[in-house]
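Asker: Got a structure for you, written out below as structure tokens; questions coming shortly.
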Amino acid sequence: MSVVLDKIRLHAKAHPNSVVYATLKQVAGGFENVQMTWSELDENSNRLAGYLTSRLKSKTPLLVCGHKDPLMLVAFLACVRSGRAYVPVDASTPAGRIGAIAATVEPELILNVEDMDGMPKSSAVLGSTEIRALCETAPRCDDSEQVSGEDIHYIIFTSGSTGLPKGVRITAKCLDNFLAWSQELAAGVTGKATGNRIFINQAPFSFDLSVFDLYTALYTGGTIQAIPTPLLGDMKALFAYLKSTWADIWVSTPSFADLLLADNAFDQDLLPNLRLFLFCGESLTGRTAQRLAAAFPKARITNTYGPTESTVAVTSVEVTPEMAAKNAVLPLGAEKTGTRILIMDEKGEVLPDGKKGEIVIVGDTVSPGYWKNAAKNAEVFGTYDADGRHERLYHTHDAGYRKDGLLYYCGRMDKQVKLHGYRIELEDIERNILAISGMERVVVIPERMNGEVKDLVAHIVENAPVQSAIKERQRIRGELKKRIPEYMIPRKFVFKDSLPITQNGKIDRKALENGDQC
Ligand code: AMP
């Protein structure tokens, strides 16, 4: 059974003509409003699912490529209604990366919703015109094959230290368990006397933060107002759009709120109904919370924490003014029902309150593991057996401690960073630079300010002297653009004759960077 899919059908029956999803679409010379009703979502995804059921031979996950077109949502639901997981691939993904994802997933079909370039030749591809036609003409399906329980609902690919992205599998049950909690966080939140709740979506669908707004809105019968990334290039248009949304609930990374807070117009007058900020994905600072509280006196602020591997988020805390004043970086909060957080030392022993160790997540939203990645699964996933129960467990490699019932974050124990909210394995960038001709040794170092990563710097040794640093930077950037998303490309490239080495012969990263957060 899938509670969320059942609820979506019920909402579509109850208010077919309400808007479920709205956004702006980039057209020549600007942006135009596009929207979709609940009945359109239900009808179109049902017919597209009917097509998939009747035409496809296997149940392989399908890639759904595009950005924020309403048809993306239709395609996601069509996959799961036909019993297939979907893999969201954002329009910003370069061809090399799409190829790597497709090679791992081996999808029988790719739904190229926004007609992106760089589709791999190995799979059949349907473009937007064909998909739209199928949404109108394909035979309906009866939903008897829809995903449920331990079936995979979606696979989100995140940066991997091997230079290839790894696919996090999230089951229908994990998603339902997450939503039972996320809808409580949003319960009762509205600036209006009546009516449905409007959620702001900031994150691309290939980032699991988007699951927070997208699915909590779908689960509760609300509306999603999605901000397309190109709109960030036109702040005036972005603010005009925000004003038009009448949003009740805001979901974003703290970085995005910081970006908007730089403009004094980001306040309660712009969004008079806004009553809740939900943050996840990176540290929320006391200063950001204080500035938001001053700009939005009617809104609550909630910090949440969790990795993609445990379905979006597993802890939350409502940020009080005292908490914001006292903490440079806010606590992560307490775990949701169904989740248990353990702080472990290197030997796997559970540590008492106050002691710093690794944050280990146990419970009902932990993924069954990465897609076809046995080695990595053995390293980070496991089971926790206690009280006669066998629950899934995930080693986050986040350092933290618990105090007075709240979890606190102390940075990463490995080479993963968050830059502007994006999760990046530094080794992923290094491997992709090393794959370019002429490279001998590479190390990518995060540059931090107040503990927060602000930039990435690649220190490179080439196997022949670099004649022109400017031309070489251009060449490397050009090559990287084909392989990794833009946000992963370092801002600075430093060419060196050698890199500092530790006593045991490894590259001395510490000599090139500065400290952790606790
Ligand atoms: P992602 O899978 O993209 O959601 O990234 C998960 C990682 O982001 C976690 O393992 C943490 O390192 C970091 N993270 C998520 N939420 C928070 C938070 N509220 N505060 C600090 N770091 C966070």
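Asker: Within the stretch 130-147, work out how many residues are among the hydroxyl-bearing types (S, T, Y) and either under 14 Å from A75 (Cβ atoms) or touching a Lys or Arg at 6+ places or on another chain (Cβ under 8 Å) (or both).
Answerer: Residues flagged as among the hydroxyl-bearing types (S, T, Y) and either under 14 Å from A75 (Cβ atoms) or touching a Lys or Arg at 6+ places or on another chain (Cβ under 8 Å) (or both) within the stretch 130-147 amount to 1.
Asker: In the stretch 227-265, which residues are more than 16 Å from the ligand (Cβ to nearest atom), of a type in the set (S, T, Y) and surrounded by 15 or more Cβ atoms within 10 Å (Cβ to Cβ)?
Answerer: Within the stretch 227-265, T229, Y241, T245 qualify.
Asker: If the Cβ limit is 7 Å and pairs must be 6+ apart or interchain, which residue in the stretch 275-291 that is within 12 Å of the ligand (Cβ to nearest atom) pairs with which residue that is among the small types (G, A, S) and assigned to a helix (DSSP H, G or I)?
Answerer: Pairs that qualify, where the first residue is within 12 Å of the ligand (Cβ to nearest atom) and the partner is among the small types (G, A, S) and assigned to a helix (DSSP H, G or I), are E282/S255; T288/A257; A289/A324.
Asker: Looking only at strands (runs of 3 or more DSSP E) that fall completely inside the stretch 1-102, which ones have 1 or more residues that are surrounded by fewer than 20 Cβ atoms within 10 Å (Cβ to Cβ)?
Answerer: Here the list reads 19-27, 30-37.
Asker: When you check I436 against the structure, is it closer than 19 Å to P165 by Cα, among the β-branched types (V, I, T) and in a loop (DSSP other than H, G, I, E, B), yes or no?
Answerer: Yes, satisfied.
Asker: Can you spot a residue in the stretch 345-355 that is hydrophobic (A, V, I, L, M, F, W, C), surrounded by 23 or more Cβ atoms within 10 Å (Cβ to Cβ), part of a loop (DSSP other than H, G, I, E, B) and touching a Phe, Trp or Tyr at 6+ places or on another chain (Cβ under 9 Å)?
Answerer: No; the residues of the stretch 345-355 include none that is hydrophobic (A, V, I, L, M, F, W, C), surrounded by 23 or more Cβ atoms within 10 Å (Cβ to Cβ), part of a loop (DSSP other than H, G, I, E, B) and touching a Phe, Trp or Tyr at 6+ places or on another chain (Cβ under 9 Å).
Asker: Okay, next question. Within the stretch 293-319, count every residue that is away from the ligand (no atom under 16 Å from the Cβ) and assigned to a loop (DSSP other than H, G, I, E, B).
Answerer: Residues flagged as away from the ligand (no atom under 16 Å from the Cβ) and assigned to a loop (DSSP other than H, G, I, E, B) within the stretch 293-319 amount to 4.
Asker: Considering only the stretch 435-479, state which residues are of a type in the set (A, V, I, L, M, F, W, C), touching a strand residue (DSSP E or B) at 6+ places or on another chain (Cβ under 8 Å) and over 13 Å from V494 (Cα atoms).
Answerer: V453
Conditions (1) assigned to a loop (DSSP other than H, G, I, E, B); (2) touching a His at 6+ places or on another chain (Cβ under 9 Å), marked per residue:
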position	(1), (2)
I110	no, no
E114	yes, yes
M119	yes, no
V125	no, no
A133	no, no
P139	yes, no
S148	yes, no
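Asker: Then there's this: What's the total number of residues in the stretch 403-429 that are over 25 Å from D258 (Cα atoms) and under 19 Å from the mean Cα position of the chain (by Cα)?
Answerer: 2
Asker: Let me ask something additional. Residues of the stretch 399-409 being in a strand (DSSP E or B) and either closer than 15 Å to E335 by Cα or at pLDDT below 95 (or both), which ones?
Answerer: G400, Y401, R402, K403, L406, L407, Y408, Y409
Rundown of residues vs (1) out of contact with any Leu (no Cβ under 8 Å at 6 or more places or on another chain); (2) at pLDDT 95 or above, yes/no style:
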residue	(1), (2)
L214	no, yes
D234	yes, no
Y241	no, yes
S244	yes, yes
G286	no, yes
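Asker: Considering P94, P139, which residue is of a type outside the set (A, V, I, L, M) and under 14 Å from C65 (Cα atoms)?
Answerer: Only one candidate passes the filter, namely P94.
Asker: Between a residue in the stretch 3-32 that is farther than 24 Å from M235 by Cβ and any residue that is among the basic types (K, R), which pairs come within a Cβ distance under 9 Å, given they are 6 or more apart or on different chains?
Answerer: Every condition considered, the pairs that remain are L5/R81.
Asker: Check E440 against each of (1) at pLDDT below 95; (2) within 16 Å of the ligand (Cβ to nearest atom) and name the one condition it does not meet.
Answerer: Status for E440: all satisfied but (2).
Asker: Out of all the residues in the stretch 448-464, is one or more at negative phi and either of a type in the set (S, T, N, Q) or outside any strand (DSSP E or B) (or both)?
Answerer: Yes, that holds for at least one residue.
Asker: Which one of L126, L209, L179 is within 27 Å of S310 (Cα to Cα), out of contact with any Cys (no Cβ under 7 Å at 6 or more places or on another chain) and of a type in the set (A, V, I, L, M, F, W, C)?
Answerer: L179
Asker: Of the residues that sit in the stretch 373-413 and are exposed (fewer than 13 other Cβ atoms within 10 Å of the Cβ) and closer than 30 Å to P490 by Cβ, which one is farthest from the ligand (Cβ to nearest atom)?
Answerer: A375
Asker: Test each condition in (1) within 11 Å of the ligand (Cβ to nearest atom); (2) farther than 20 Å from D455 by Cα; (3) surrounded by fewer than 21 Cβ atoms within 10 Å (Cβ to Cβ) for K418 and report the one that comes out false.
Answerer: (2)
Asker: Among the residues of the stretch 237-250, are any in contact with a Lys or Arg (Cβ under 9 Å, 6 or more places away or on another chain) and in contact (Cβ under 8 Å) with a residue 60 or more places away in the chain?
Answerer: Yes: the stretch 237-250 contains one or more residues that are in contact with a Lys or Arg (Cβ under 9 Å, 6 or more places away or on another chain) and in contact (Cβ under 8 Å) with a residue 60 or more places away in the chain.
Asker: Can you name the condition, by its number, that N201 falls short on among (1) surrounded by 23 or more Cβ atoms within 10 Å (Cβ to Cβ); (2) in contact (Cβ under 8 Å) with a residue 60 or more places away in the chain; (3) more than 23 Å from D90 (Cβ to Cβ)?
Answerer: It is condition (3) that N201 fails.
Asker: Select from the stretch 320-334 the residues that are surrounded by fewer than 20 Cβ atoms within 10 Å (Cβ to Cβ) and of a type in the set (A, V, I, L, M) and write down the one among them that is farthest from the ligand (Cβ to nearest atom).
Answerer: The qualifying residue farthest from the ligand (Cβ to nearest atom) is A325.
The values are calculated or read from the model by the stated rules, or taken from the named source; none is laboratory data. It should be emphasised that the depicted structure is a prediction, and the values quoted were computed from it without experimental measurement. Note that we place each Cβ from the backbone using ideal geometry, even for glycine, and neighbour counts take in every protein chain shown.
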